[in-house]
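Just so it is clear, none of the values below were taken in a lab; they were calculated from the coordinates. None of these values were measured; they are calculated from a predicted model. When we count neighbours, we look across all protein chains shown, and the Cβ atoms used for this are built from the backbone with ideal geometry, even at glycine.
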Amino acid sequence: MKLSIIVPAYNCSDYLEECLDSILGQLMEDGELIIVDDGSDDDTVQMIMRYKNDSRVKILLRSHEGVSGARNAGIDVAEGDYIGFVDCDDYLEKDFLKKAKELMNEEPDLIIFGFERCFLNGDSRLSTVEDHFYPDISSFADEYIRKRIMLIYSACNKFYNKKIIDKYHIRFETGLKFGEDRIFNYAYLMRAQTIVTSKLIMFKYMQRASESMSTWYVPDYFKLAYHLHEEKMKCFLTLSKGTNRTEREDFVNYNLRNVIIYVINRFEDNPEEMKENLPLILEMVYGKSILQEVPPESSWVHKPCDNEIVSKLL
């Protein structure tokens with residue numbers, strides 16, 4: 001099984017060499033590394049060009065459009081049986097690809113790995129999944145609804161079957177402020193069947209910035225977070241065939257509660273968001289109305305028992 005690894009690169013010259021070397025140091029001869037520069041204005045392009053003579057490397061130079069557009073450009077030229085994504089400031093775990101090849105040879109539609117998050121203060125935290133084979137997408141969705149620990153959000157801890165991506169033209173949505181990985185994964189899961197989860201640690205996620213997204217003001221944050229919640233519910237409630245009504249309702253309510261809590265926790269650092277989003281949250285909590293900008297059919301996420309769409313799923 002041939003693997004294509006796509007690395008979008010934007011102004012990451014300080015970290016890029018470590019990332020690329022960690023991949024090429026273990027990439028098989030029939031594998032390919034696709035480096036997509038997304039309009040960098042530092043020394044990133046010069047560093048990328050150091051790798052142009054490696055037969056396994058493809059280099060794409062683009063104007064700045066964001067990570068989604070860069071990944072999509074990489075998908076368009078990828079020739080592997082599987083596609084993986086690595087961010088330019090992270091790097092693969094040593095000997096990971098040799099171990100992962102055995103899982104690719106089983107030809108599942110999706111492989112999910114663990115990863116290690118590394119912080120500035122030297123601390124680290126593992127995010128892992130158990131070794132398991134899911135023979136159909138329903139059993140995977142059932143497990144996720146019940147346990148919610150399947151590491152489904154990121155695109156960088158997974159190997160995707162290229163045939164499925166090509167057949168259904170699955171791409172990253174451009175223009176989103178956040179959550180593009182999740183939307184891509186939900187779309188992919190709707191087309192997948194066999195899934196493998198593995199204890200293997202794929203990469204080290206380097207939390208290099210002292211500031212996180214929680215300190216940035218994001219207009220319409222709650223609406224965007226709610227949209228991600230809605231897409232997640234549609235995906236898993238549609239795919240799950242073995243869960244009962246109570247499990248599904250608990251899943252919906254648990255996820256929505258976490259979304260609201262996360263949004264509220266941002267208010268201290270972002271008073272603009274509190275002024276904008278708190279009235280919307282209060283409307284939802286007290287059941288007066290759903291967001292006016294959200295289509296009426298979306299209200300089932302808040303009150304699943306009252307809506308015809310979700311009643312069919314439950």
Candidate lysines for bridging to Lys147, where Cα separation is under 20 Å - those fewer than 8 sequence places away on the same chain excluded | Lys158, Lys199, Lys232, Lys234, Lys241
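Going by average Cβ density within 10 Å per residue, which order do the peptides 125-136, 140-151 take, highest to lowest?
140-151, 125-136
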The chain, relative contact order in percent, only Cα pairs under 8 angstrom and at least six apart counted = 17 percent
For a footprinting-style exposure proxy, rank Phe178, Phe115 by other Cβ within 10 Å, fewest first.
-> Phe178, Phe115
Note the full-extension length gain between Lys52 and Tyr262 as 0.36 nm times their separation in residues minus their Cα-Cα distance, in nm to one decimal.
-> 71.2 nm
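Can you give the Kirkwood hydrodynamic radius for the chain, in Å, rounded to one decimal and based on Cα pairs?
It is 20.9 Å.
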Calculated FRET value between Gln207 and Lys275, using beta carbons and R₀ = 30 Å, to 0.05 | 0.55
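Provide the packing ranking of 17-23, 244-250, i.e. peptides ordered by the mean count of other C-beta atoms within 10 Å per residue, highest first. Intermediate results must be reported in sequence, preceding the final value.
Values: 17-23: 19.1, 244-250: 13.6.
The densest-packed peptide leads the list: 17-23, 244-250.
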Listed by chain and number, the residues whose amide H is under 5 Å from that of Asp43, excluding neighbours fewer than 5 places away on the same chain and using placed H, are Ser13
At R0 = 22 Å, FRET efficiency that the Cβ-Cβ distance of Arg148 and Val285 yields, to 0.05 = 0.50
Rounded to 5, percent antiparallel among DSSP beta bridges of the chain = 40 percent
Sum -39500 (n - 2.57) across every DSSP H segment of at least 4 residues in the chain, then divide by the residue count to get the 222 nm mean residue ellipticity, nearest 500.
-> -12000 deg cm²/dmol
Please give, to one decimal in nm, the separation of the simple spin-label points placed at Phe178 and Tyr254, each 7 Å out from Cα toward the Cβ.
-> 2.2 nm
Gyration tensor verdict on the range 1-86 (Cα atoms; rounded if a/c is under 1.5, prolate if a/b is larger than b/c, oblate otherwise) = oblate
